[in-house]
Each structure stands twice: as C-alpha cells, then as structure tokens.
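Each value in this text was obtained by applying a stated rule to the coordinates, not by laboratory testing. Quantities reported herein were computed from a predicted structural model and do not represent experimental measurements. Here Cβ is always computed from backbone atoms with ideal geometry, including for glycine, and neighbour counts include all displayed protein chains.
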Ligand SMILES: NC(=O)C1=CN([C@@H]2O[C@H](COP(=O)(O)OP(=O)(O)OC[C@H]3O[C@@H](n4cnc5c(N)ncnc54)[C@H](O)[C@@H]3O)[C@@H](O)[C@H]2O)C=CC1
Ligand SMILES: O=C(O)C(=O)[C@H](O)COP(=O)(O)O
C-alpha cells in the first residue's frame, strides 16, 4: 500500500474509529451484519467485528489489502484465503478478555449468592485456558477457588501435562463449568459441538454451565433436551447457535441469558480498535503515535462506601449489573420471534456503557481480608483498611 490516502470501510459498531483511523484517509462505516461485496469493492482496508463473514465471496474483485477484526474470535474470517491473496490480517487477541472474566464473575457471584453457596467451596472447571480462561484462572486462584483445567492443545505442548484433565473428567467433577474455547471445525481438537448429547449427561447435579465462548461449541438442541429433563442445571448463556437467531425455549431454561455481550465493556471494545490501529501502522511501516489512554474515556468515579461486613456482590453489581442485560434480552425475546435477529443486534448496537472492574474507584473502609478479595476479583480501587 502506498502513502496516498486510504479508503477504509469499517463496521459502524467499532468505537473510536475517527480518532484512530481518520488520518489514514477516507473512512466509511456500514452495518457489519449485511456488508456486501459492492460496499467493500473500492476499499483498501476493511475493519470488521465478529458478525461479518470475511471470505472470497465478500472480497474477490475488491482492492482490499488489509483486514482487521476488532475481536478476539476469528471464526468469521477465512484466514487461509486472505493469506493466499497476500492480504494482511490482524485480530485483537485478548482485547476484551478482562471484560469476559468480569461477566463470568458477575454471573457466578449472583447465582451463588441466590443459592447461599460459597465459591470457595466449589470446584470450577475451565475449558479453554487461553487469554480469557487464563485470566479467569488467575483471578479464581487468587480467590482460593479449586480449579480443573481442560485444554488439550496446551496440554499437548506443555511440559507439565498434570495441570490438565480430560473434558469428561472435568464435566463429571466440576460444580461450575466455564467454556472459553474458540469455535473451530478442523484440526485435532475441533470445538464445534464439543459439548453434545452424550457428554452433557456427565454434568453433575445442580451444576452451573456457562458459555461465553461461541454458541456452536455446545449443541444447543441437545442442551435444550437435557435442560427439560434436568431442571437442576443452572445455565448461563451469552452465546447461541445460529446468532442472531436465538432458541427462545433454551433462553427460558437459562438462569442468565444475554446477547453475546460478555466482552462489551467499553475498555475491551476500544482496546480492540486500538490494537487494529497499531496493526495497520505496522502493516504500512508507520510508527503508531496514538496512545490507548487518549482514546479511552476516563471511567466515571463511582463512589461507594464499603463497610467491613459488605458482600462482594455490592461492588460487583455497582460496576456491572448482569441482570440488567438479562432483563433487556428477555424483554426483546418476549416481543416475538420475527423481531429476534433485529432485536439481538439492536441490543448490542445500543449497549449501555459498561466499564471493566479494574476501572472502578471504590471508597470506604474494609478489612484486610476484604481488600485482598476485592483485589483478587479484579478491582483496582481506593479503600482504607480497618486495622
Ligand atoms: N462472549 C464474548 O463476548 C466473547 C467471546 N470470546 C470467545 O472466546 C474465545 C476464547 O478467547 P481467548 O481465551 O482470548 O482465546 P485464546 O486463543 O487465547 O484461548 C483459547 C484456548 O482454547 C484452547 N482450546 C482450543 N481448542 C480446544 C478444545 N478442543 N478443548 C479445550 N480447549 C481448547 C486453546 O488451546 C487456547 O488455550 C474466542 O475465540 C472467542 O470465540 C472472546 C471474547 C468475547
Ligand atoms: O471478541 C470476540 O471474540 C467477541 O466475541 C466480541 O466481543 C463480540 O462482539 P461483536 O464482534 O459481535 O460486536
């Protein structure tokens, strides 16, 4: 690509486009879900999120030389075809991993508080221990939670294979199962329908099953069938097979149901755009000059008085009320099946501002134990400890 102004076509749902990409040339935004070959034909650069299938069908005949997806997941991009065409590509690994971990902890703290259970007395299984699963592992270890880890690709590569268990062992032993694998259909360990009718049956009574990876990692039909026989199972689903369509029946069986927003803290979304900005600079041989902090709005200071006996749920709910997302999603589903794809995307497009736990400024006085627990949960806040 030359130094002349570039034409950049971008998904309208990518935040901070203008400050990060405005200086490269002409910026045009489009609806990512319905992006057509005609809309990208004259583009030099294409910036997408997870709802745009980037492949030969979209790009053949265009002059696109660089594609960026401001997401962790890359299952919507035909990377082999891009490489064959010599088209540069970048995703944003880890950009919203902390947001997803916040979502998981918000779901778990709420559900366990409702059942009067303590996370420290549970065994939690993480399937897929990469950026998201690994950060979840770190926070939970700091909270003193017993963990089981399943990640065959890592197990195969690493010296300490004893750190991992098989998927069946994890399903049989975990009280809480969190899925954080990518969606893959090829290779040695494909994840499509990783959880299916046969192994879903292994899950323990009263277990929590949470999927914040990709919908098709769980066979949704099999999960619905099982949920009908096993009302004890507590489902938390952020991702669905066939998005933006959703099985209303399955959502009704969920304790928490949300429209693929686990990674939607503003910090994670803008970090994703910024990572693409840096990747494009590198692709063009230019030095990146814009710092992340200059495009990330300051988090509002939420003042909250923490008392020695306060529950962790209070600060968690203050920074992220997961039931707000659950309610909005169910209201949308109740409006009728025809409206679901549109409603699903509307909820995501107009998602209210949410910030990562780490941005919350809490005030107050807490015991040293509570201070340690807050820090382990991911808060980076200002409090005074009681002696
Ligand atoms: N719900 C949401 O809003 C979001 C969902 N995601 C999804 O979460 C996925 C994971 O994200 P990261 O942890 O950042 O990705 P990552 O690539 O850092 O880690 C994925 C891990 O899964 C493991 N894995 C692959 N196949 C496996 C299998 N068959 N069984 C068990 N483990 C397997 C890999 O070895 C790797 O360690 C993304 O690919 C994306 O699809 C990511 C961000 C937001
Ligand atoms: O980063 C990922 O991977 C995700 O799943 C995204 O957070 C999903 O957001 P959209 O790309 O669908 O806006």
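Cβ-Cβ below 7 Å, separation at least six or inter-chain, first residue in the stretch 125-138 and within 23 Å of residue 202 (Cα to Cα), second part of a helix (DSSP H, G or I) and within 13 Å of ligand 2 (Cβ to nearest atom): which pairs?
Filtered contacts from the stretch 125-138: no entries.
Quick check on residue 182: is it near ligand 1 (Cβ under 8 Å from one of its atoms), in contact (Cβ under 8 Å) with a residue 24 or more places away in the chain, outside any helix (DSSP H, G or I) and out of contact with any helix residue (DSSP H, G or I) (no Cβ under 8 Å at 6 or more places or on another chain)?
Details: near ligand 1 (Cβ under 8 Å from one of its atoms): yes; in contact (Cβ under 8 Å) with a residue 24 or more places away in the chain: yes; outside any helix (DSSP H, G or I): yes; out of contact with any helix residue (DSSP H, G or I) (no Cβ under 8 Å at 6 or more places or on another chain): yes.
Considered against the rule, which asks whether it is near ligand 1 (Cβ under 8 Å from one of its atoms), in contact (Cβ under 8 Å) with a residue 24 or more places away in the chain, outside any helix (DSSP H, G or I) and out of contact with any helix residue (DSSP H, G or I) (no Cβ under 8 Å at 6 or more places or on another chain), residue 182 comes out as yes.
Can you work out which of the residues in the stretch 64-73 that are part of a loop (DSSP other than H, G, I, E, B) and near ligand 2 (Cβ under 8 Å from one of its atoms) is surrounded by the fewest Cβ atoms within 10 Å (Cβ to Cβ)?
Residues of the stretch 64-73 that are part of a loop (DSSP other than H, G, I, E, B), as a first pass: 64-65, 70-73.
This time we only want the ones that are near ligand 2 (Cβ under 8 Å from one of its atoms), so: 70-73.
Working: 70: 30, 71: 24, 72: 23, 73: 17.
That would be 73.
Counting only residues that are outside any helix (DSSP H, G or I) and crowded, with 18+ Cβ neighbours inside 10 Å, how many does the stretch 162-179 have? First the steps, then the outcome.
Within the stretch 162-179, the subset outside any helix (DSSP H, G or I) is 164-166, 174-179.
Among the residues that remain, those that are also crowded, with 18+ Cβ neighbours inside 10 Å are: 164-165, 174-179.
Total satisfying the criteria: 8.
Taking the stated definitions as given, is residue 237 crowded, with 16+ Cβ neighbours inside 10 Å, within 16 Å of ligand 2 (Cβ to nearest atom) and under 26 Å from residue 347 (Cα atoms)? Before the answer, list the steps.
Values: crowded, with 16+ Cβ neighbours inside 10 Å: yes; within 16 Å of ligand 2 (Cβ to nearest atom): yes; under 26 Å from residue 347 (Cα atoms): yes.
Yes, satisfied.
Name the residues in the stretch 139-161 that are touching a helix residue (DSSP H, G or I) at 6+ places or on another chain (Cβ under 9 Å) and either in a helix (DSSP H, G or I) or within 16 Å of ligand 2 (Cβ to nearest atom) (or both), would you?
As a first pass, look at the stretch 139-161 and keep what is touching a helix residue (DSSP H, G or I) at 6+ places or on another chain (Cβ under 9 Å): 139-152, 154-155, 161.
Residues satisfying the conditions are 139, 140, 141, 142, 152, 154, 155, 161.
Among the residues of the stretch 107-124, count how many are assigned to a helix (DSSP H, G or I) and surrounded by fewer than 24 Cβ atoms within 10 Å (Cβ to Cβ). Working first, answer last.
Restricting attention to the stretch 107-124, the residues satisfying the condition of being assigned to a helix (DSSP H, G or I) are 107-115, 119-121.
Now narrow it down to the ones that are surrounded by fewer than 24 Cβ atoms within 10 Å (Cβ to Cβ): 109-115, 119-121.
Final tally of qualifying residues: 10.
Return the only residue of 94, 86, 61 being surrounded by fewer than 22 Cβ atoms within 10 Å (Cβ to Cβ), within 11 Å of ligand 2 (Cβ to nearest atom) and assigned to a loop (DSSP other than H, G, I, E, B). Let's see the steps before the verdict.
Working: 86 fails: within 11 Å of ligand 2 (Cβ to nearest atom); 61 fails: within 11 Å of ligand 2 (Cβ to nearest atom).
Result of the check over 94, 86, 61: 94.
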